[in-house]
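Peer 1: Please read through the structure below; I'll follow up with questions.
The values are calculated or read from the model by the stated rules, or taken from the named source; none is laboratory data. The model shown is predicted, which means the values in this text are computed figures rather than measured ones. Heads up, the Cβs are rebuilt from the backbone with ideal geometry, glycines too, and the neighbour counts pull from every protein chain shown.
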Amino acid sequence: MRNPVCLLALAGFTTQSLGQQQQQPLYATAKPNVVFILTDDQDAQLGSLDYMPYVKKHLLDKGTHYRSHYCTTSVCCPSRVTLWTGKLAHNTNVTDVNPPHGGYPKFISQGLNDNYLPVWLQEAGYNTYYTGKLFNVHTVDNYNAPFPAGFTGNDFLLDPFTYDYLNSTFQRDRDPPQSYEGEYSTDVLAQKAYRLLDEAVAAQKPFFLTVAPIAPHCNVFMNGTGLDANPKFSFSAPIPAKRHEHLFSDIKVPRTPSFNPETPSGANWIKTLKRQNDTNVEYNDHFYRQRLRALQAVDELVDGLFTRLKEYDILDNTYVVYSSDNGYHIGQHRLQPGKSCGYEEDINVPLIVRGPNVAQDVSTDIVTTHTDLAPTFLDLLGIPLREDFDGDPIPFTENQIKEAHDERQEHVTVEYWGYAAGEGIYDFDLSAYNNTYKALRIRGSEYNLYYSVWCNNEHELYDMTSDPHQLHNLLSTSGLPNATSYIILNVDLSKVVQRLDSLLLVLKTCKGQVCVKPWDALHPRGEVTTLKDALDVRYDYYYEVEQTTRVQFNECARGYFLDAEGPQFVQGAEYEVLRDGLPCSIWDLRSPAAPQQTPNRVTLNPLLRIDWPDELSMHLLTTPLLYRILSFQATPQYTKTVGIVLSVLFTIVMVVHMVMDEFLLHAVTFGTAVYLIATRTLKIIPREIPDVEDRKRIQNVALFGCASFIFGYLVWLVDEWVCQSLIGARHAVGLPVAFLLELHGWWHVFTAIGGYIAVAIIDLITSGELQRDSVAQLAWPLPTVARLLGPAGGEMKRE
């Protein structure tokens, strides 16, 4: 077994032997620095961090470990472009490691070389340095066509020698490439990292240094050329430094339930894989040990960087971030060594942050992704965020982390295009398996799910609370016991799938903040922020009848082509208007999934948004009443002044409300008007109605009117709260019972009763025409008409 004490001793000796550092002048900048260590293919699920004692000492024990950090495309180049741009792969359109859909040439052709993190950092006054792997197909032939923008100093690894541990080629600044054949790649990189750190400190400016070793990626070396004159490559297990070859001789791949399972798991081509034999398993154990051994030089590199940061006395003003481009599987689901799948081993990656104000010795399960890293770096350094980011800054203080448990998004967008490449000697036929899929990883306080749709339109759903190793697909076409009756959050599985699929439909084409808050696209009022919120019964009708567009593919394409991607979520302007402006009771007039069906109605948007029937009527009722009651027994001049002031105020309030869709001014002025009418009326009644009994009866009627008015607004609140449930219920029961469930209509009925009584009372006490039975004048119109037409009608006299 491993011995951390021995590892520390060996690593310490090696770090010292890599070169003695001369004492340098100490300095500190006002702005913080960043050292970003980015490994290649390092797993979070297979325990690799457990074998890195210096990472534990300097980072895990002194920083925050984000255990639920995910890449969004589990392969090198697309993941790295996402990391550096803060955008998902469907927004960068860098979706592969090689041209025509990926690699450095695609990064350049997409115009990203002038629009990614190093450039933004330089624009903000930072010096930027980089050594190691940048992108795939960044080669000895195209390294200067053009040079990567945004770096003060660099020393890049170049293809086709990037992954050759004993024959690497680096290219420094604008110099020609230089071969380091026979030297160990990570050790060469360490020396270059230390040199760049020296340069950064000497410049006495805030800096951002990226160190990107290839470990624990497999070893790739050129094996001649093919018939097409292109180089041929061979894959093998990673190669460790000589000093680490003897370590971990008894370590094996963790034998989790998903490791080489007896029963096939997964979907699409994965469920067809044969179980690995003993020889294959032994090779995979060897591959795993080689990965751990290769990481030891990285561990020493980490220690060397911290040693130098301390020597320069800048550690306390430097953020050190450790992560990997993607995860890795070895034997899980019967897979050969590799990545590119959507399972937890491939998408869950390490993320550790140490620095000023960062919580120490803390592990958190808040959900973070590679799309969040670029925004996080800008946020940490006090640089304004960009509006087109698909991610959000990651919380790093203890208070921020606590708040994030309740407020932060719980979803991860996962996407992949093209073939999956095995990296061991027991490889599969690349031409047989297209690996294109869309997936959604969602982690809430009461649920933990993975949902995916493959390009052959097979579906997967795993409840990772009860099935953390993703062995039991609840949507398997072969059927699973109890799958149809499976319950999540006390909700039937079918309803959960409706919500998950709708969320994935939004995410697969999202841009900017829609990627951060996708539920807002489905529920524009903002009342739904989590899956749990969306599972409320009041939204059943929406997901069962209105939002019926589902995620599916038209074909299995190698790259990102909209024609192959199937239906897209469209949040049209009319849908936003209907949701924001019209009563809930008529939301079901339109389907948000297909706003293009009635484009002519978009011309009504300005009218729909301000909801004329409800909101204008409120002020049209109160303004004349307020005028009547305020001008009662007033002088002609005062009466005119009141009329002019109220007319101007009414016009201002309604124009502001219509133009700005502003609610607060509308609500406050309406409430103020109602208050003035009520208080003024209560003062006038005793003075104008001297008869005690008559006054008491009128006051009782007034109280009844107030109660009816208030009850009407309570009905409106209930209608807003259970709107979707009422829509479903009305459609279920049909007429005439559905009429009783139209609460929006009942709101108008009860408020109309209260409003009528208010009008009648004010008219009665301000007209000076009080009769013997004053309350009779407040009777409803039909009974009054009947009495006037009857025999007693002519007997009514004035006092």
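Peer 1: Any residue in the range 327-350 that is more than 25 Å from L471 (Cβ to Cβ) and surrounded by fewer than 24 Cβ atoms within 10 Å (Cβ to Cβ)?
Peer 2: no
Peer 1: Given the criteria modelled with pLDDT under 95 and over 21 Å from F233 (Cβ atoms), does T29 qualify?
Peer 2: When the stated conditions are applied, T29 passes them.
Peer 1: Another one. Restricting attention to the range 628-638, which residues are part of a helix (DSSP H, G or I) and more than 14 Å from T766 (Cα to Cα)?
Peer 2: P636, Q637, Y638 - these are the residues of the range 628-638 that are part of a helix (DSSP H, G or I) and more than 14 Å from T766 (Cα to Cα).
Peer 1: Looking at Q178, is it closer than 23 Å to S323 by Cβ, surrounded by fewer than 18 Cβ atoms within 10 Å (Cβ to Cβ) and either in contact with a His (Cβ under 6 Å, 6 or more places away or on another chain) or not hydrophobic (A, V, I, L, M, F, W, C) (or both)?
Peer 2: no
Peer 1: In addition: Among the residues of the range 311-342 satisfying the criterion of being assigned to a loop (DSSP other than H, G, I, E, B) and over 23 Å from L295 (Cα atoms), which is nearest to the chain's Cα centre (by Cα)?
Peer 2: G342
Peer 1: Regarding the range 99-120, can at least one residue be identified that is touching a residue at least 60 places away in the same chain (Cβ under 8 Å) and acidic (D, E)?
Peer 2: no
Peer 1: I would also like to ask the following. Out of E387, E446, E460, which single residue is buried (at least 20 other Cβ atoms within 10 Å of the Cβ) and acidic (D, E)?
Peer 2: Answer to the check: E460.
Peer 1: Does P238 count as modelled with pLDDT of 95 or more, assigned to a loop (DSSP other than H, G, I, E, B) and within 40 Å of the chain's Cα centre (by Cα)?
Peer 2: yes
Peer 1: If you don't mind, another one. All but one of (1) at pLDDT 65 or above; (2) within 26 Å of A729 (Cβ to Cβ); (3) in contact with a helix residue (DSSP H, G or I) (Cβ under 7 Å, 6 or more places away or on another chain) hold for S591; state the number of the condition that does not hold.
Peer 2: Tallying (1) at pLDDT 65 or above; (2) within 26 Å of A729 (Cβ to Cβ); (3) in contact with a helix residue (DSSP H, G or I) (Cβ under 7 Å, 6 or more places away or on another chain), S591 fails exactly one: (1).
Peer 1: To continue, here is another question. Being within 23 Å of E460 (Cβ to Cβ), crowded, with 18+ Cβ neighbours inside 10 Å and of a type in the set (D, E, K, R) is the filter here; which residues of the range 234-281 pass it?
Peer 2: Listed by number, the list holds a single entry, K271.
Peer 1: Further, regarding this structure: Give me a count of the residues in the range 652-673 that are modelled with pLDDT of 75 or more and among the aromatic types (F, W, Y).
Peer 2: Residues flagged as modelled with pLDDT of 75 or more and among the aromatic types (F, W, Y) within the range 652-673 amount to 1.
Peer 1: Name the single residue that is surrounded by the most Cβ atoms within 10 Å (Cβ to Cβ) among those in the range 282-318 being touching a Pro at 6+ places or on another chain (Cβ under 6 Å) and farther than 17 Å from A190 by Cα.
Peer 2: R291
Peer 1: Which one of these does D50 not meet: (1) free of Cβ contacts under 8 Å to residues at least 60 places away in the same chain; (2) in a helix (DSSP H, G or I); (3) under 17 Å from A374 (Cα atoms); (4) not polar (S, T, N, Q)?
Peer 2: D50 satisfies every listed condition except (3).
Peer 1: Quick check: is even one residue across the range 399-409 of a type outside the set (V, I, T), crowded, with 18+ Cβ neighbours inside 10 Å and at pLDDT 95 or above?
Peer 2: Looking through the range 399-409, none of the residues is of a type outside the set (V, I, T), crowded, with 18+ Cβ neighbours inside 10 Å and at pLDDT 95 or above.
Peer 1: Residues in the range 534-551 that are surrounded by fewer than 17 Cβ atoms within 10 Å (Cβ to Cβ) and either at pLDDT 95 or above or farther than 27 Å from E407 by Cβ (or both): how many?
Peer 2: Total meeting the criteria: 3.
Peer 1: Residues being hydrophobic (A, V, I, L, M, F, W, C) and either touching a Leu at 6+ places or on another chain (Cβ under 8 Å) or surrounded by fewer than 24 Cβ atoms within 10 Å (Cβ to Cβ) (or both): count how many of those fall in the range 77-95.
Peer 2: Of the residues in that region, 4 qualify.
Peer 1: Can you tell which of D155, D159, D173 is at positive phi, over 26 Å from the mean Cα position of the chain (by Cα) and among the charged types (D, E, K, R)?
Peer 2: D173
Peer 1: When the residues of the range 343-383 are filtered to those that are of a type in the set (V, I, T) and assigned to a helix (DSSP H, G or I), which remaining residue is nearest to the chain's Cα centre (by Cα)?
Peer 2: Residue satisfying both the conditions and the ranking: T371.
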